[in-house]
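Data first, discussion second: the structure below is written as structure tokens.
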Amino acid sequence: MTKLKVALLANAKENAPKFDEASEDQWDDLDSIKTIMSIVEAIKSGGHDCEFLEGNLSLVENLPKFQPDICFNICEGHFGDGREAQIPALLEMMRIPYTGSKVMTLALSLDKPMTKRILFWHELPTPEFQVFERMNEPRNEDLRFPLFVKPSREGTGMGVSEKSIVNNEEELREQLEIIFKKYKQPALAERYIEGREVTVGLVGNLEGPAARRLPHDENLPRIQKGLHFFPPMEVDLEPFKDSDKVYSNRLKVDLADQLNYVCPAPLDDVMVEDLNWLAAAVFRVTGALDVSRVDFRLDASNNWKPYILETNPLPGLSPGISDIVIEAAAEGIDHHELVNMILNAALKRYGIEKPTRIMP
Ligand SMILES: Nc1ncnc2c1ncn2[C@@H]1O[C@H](COP(=O)(O)OP(=O)(O)O)[C@@H](O)[C@H]1O
Ligand SMILES: [Mg+2]
């Protein structure tokens, strides 16, 4: 395998812009230097040269200097409703290959309501919803309480707490006010799904007639060729049932080391097959590439029917912490290997060289 020059593009928490109105969780979705350096090491262990470059406008100068063969992109961005798509847009302009999903998929997936509209159009199961842009906007009457209210375009449980579950008009309006004030964006109100919390990570790319069968095409085969699914992970929220019934920002950030992750999740084969296929269908209809993670809730009131909450085409890659890293480990794939699986999926897609690890 030829040695490649790989630029790891990331937004380090410590390099994030500082400003007066920043909320305390403003940069919770950015990466620590520790995570960034662990990915650099992983790429080097794959036999490549690798250097970390901060994903901001300095890239306009730094990329031509470094001359990478490919970029490993994990930039979450800083500002704007397309912030995860900005560095990929720059890379397209500079004609430099990069790992992971492209501009349209990253901008779409950051916007939960837009993504849900696409899922609905394809008849994929996601909770019914309404987007609120103003305090006094009337609620659609067919949207019944309890509802779950969260910001439209955040991650890492930002704006998600026990208070996100609202049982009446008053609680709904309180939560809308908090989201408008703190996150300055529309709020997404969905049917609250009481049940189990499961996430599915995958790497690779769909080949051929990709994940063709959608829910209404019962007779077509389910084709998921080219994707590798990690075992599903369940977040055991039972110990927190009196304080956190959902995977909140508090649990994701402050109590991450106390959480019990069950992986593989205790689910029967039929359920795992269904979840994998739904994750593949989401991957396909959102146009994702190389890697993704799809979050589900299994509805306790409806025979554990899976509902798609959101898709994460830039899943966290912190060793020992991030969901997809835990899932890969459950299958005996360590952090170094996971990072190289993502890189190799991109190399194969661009035809840059033959990866040593053949994707299933
Ligand atoms: N409709 C819902 N019903 C029940 N819980 C929800 C719903 N939407 C979100 N949650 C809870 O909030 C958590 C975070 O929501 P999610 O949409 O995955 O956003 P994030 O980008 O912050 O991960 C979920 O993991 C789940 O615990
Ligand atoms: Mg999530």
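The values are calculated or read from the model by the stated rules, or taken from the named source; none is laboratory data. Treat the numbers as computed from the prediction; the structure is a model and nothing was measured. No Cβ is skipped: glycine too gets one built from the backbone with ideal geometry, and neighbour counts run over all protein chains shown. The area values use the complete protein model at the heavy-atom level, side chains included, leaving out ligands, DNA and RNA. Shrake-Rupley method; radii C 1.70, N 1.55, O 1.52, S 1.80 Å.
Here are a few things to note about the model shown:
Yes/no matrix, rows are residues, columns are (1) at pLDDT below 95; (2) open to solvent by less than 30 Å² (accessible area, probe 1.4 Å):
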site	(1), (2)
LYS112	no, yes
LYS116	no, yes
PHE120	no, no
GLU123	yes, no
GLU128	no, no
ASN140	no, no
LEU143	no, yes
SER152	no, yes
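- From the list TYR192, TYR261, TYR247, the one residue that fits, being open to solvent by less than 70 Å² (accessible area, probe 1.4 Å), more than 30 Å from LEU338 (Cα to Cα) and not charged (D, E, K, R), is TYR192.
- Output for the range 251-269, where each listed residue is closer than 23 Å to MET158 by Cβ, touching a helix residue (DSSP H, G or I) at 6+ places or on another chain (Cβ under 9 Å) and not hydroxyl-bearing (Ser, Thr, Tyr): LEU251, LEU255, GLN258, LEU259, ASN260
- Sole exception among (1) within 16 Å of ligand 2 (Cβ to nearest atom); (2) part of a loop (DSSP other than H, G, I, E, B) for GLY80, by number: (1)
- Of all residues in the range 144-165 being assigned to a loop (DSSP other than H, G, I, E, B) and hydroxyl-bearing (Ser, Thr, Tyr), the one that is nearest to ligand 1 (Cβ to nearest atom): THR156
- ASN303 being touching a Phe, Trp or Tyr at 6+ places or on another chain (Cβ under 9 Å) and away from ligand 1 (no atom under 16 Å from the Cβ): no
- Any hit, the range 191-201, residues being of a type in the set (Lys, Arg) and within 16 Å of ligand 1 (Cβ to nearest atom): yes
- The set of residues in the range 4-33 being free of Cβ contacts under 8 Å to residues at least 12 places away in the same chain and of a type in the set (D, E, K, R) consists of LYS18, ASP20, GLU21, GLU24.
- Filtered by the rule that a residue be within 13 Å of LEU314 (Cα to Cα) and either crowded, with 22+ Cβ neighbours inside 10 Å or free of Cβ contacts under 8 Å to residues at least 60 places away in the same chain (or both), the range 87-107 gives ILE87, PRO88, TYR98, THR99, GLY100, SER101, VAL103, THR105, LEU106, ALA107.
- Test result for ASN56, on the phi < 0 side of the Ramachandran plot, assigned to a helix (DSSP H, G or I) and either among the polar types (S, T, N, Q) or more than 22 Å from the chain's Cα centre (by Cα) (or both): no
- Candidate set: the range 301-340, residues that are of a type in the set (Val, Ile, Thr) and open to solvent by less than 50 Å² (accessible area, probe 1.4 Å); chosen: the one nearest to the chain's Cα centre (by Cα): THR311
- Of the helices (runs of 4 or more DSSP H) contained entirely in the range 85-143, those carrying at least 2 residues that are within 16 Å of ligand 1 (Cβ to nearest atom) fall at 103-110, 112-121.
- The lone exception for GLN175 - which of (1) closer than 17 Å to ASP244 by Cβ; (2) in contact with a Pro (Cβ under 8 Å, 6 or more places away or on another chain) it fails: (2)
- The range 272-306: number of residues that are in a helix (DSSP H, G or I) and within 20 Å of PHE120 (Cβ to Cβ): 12
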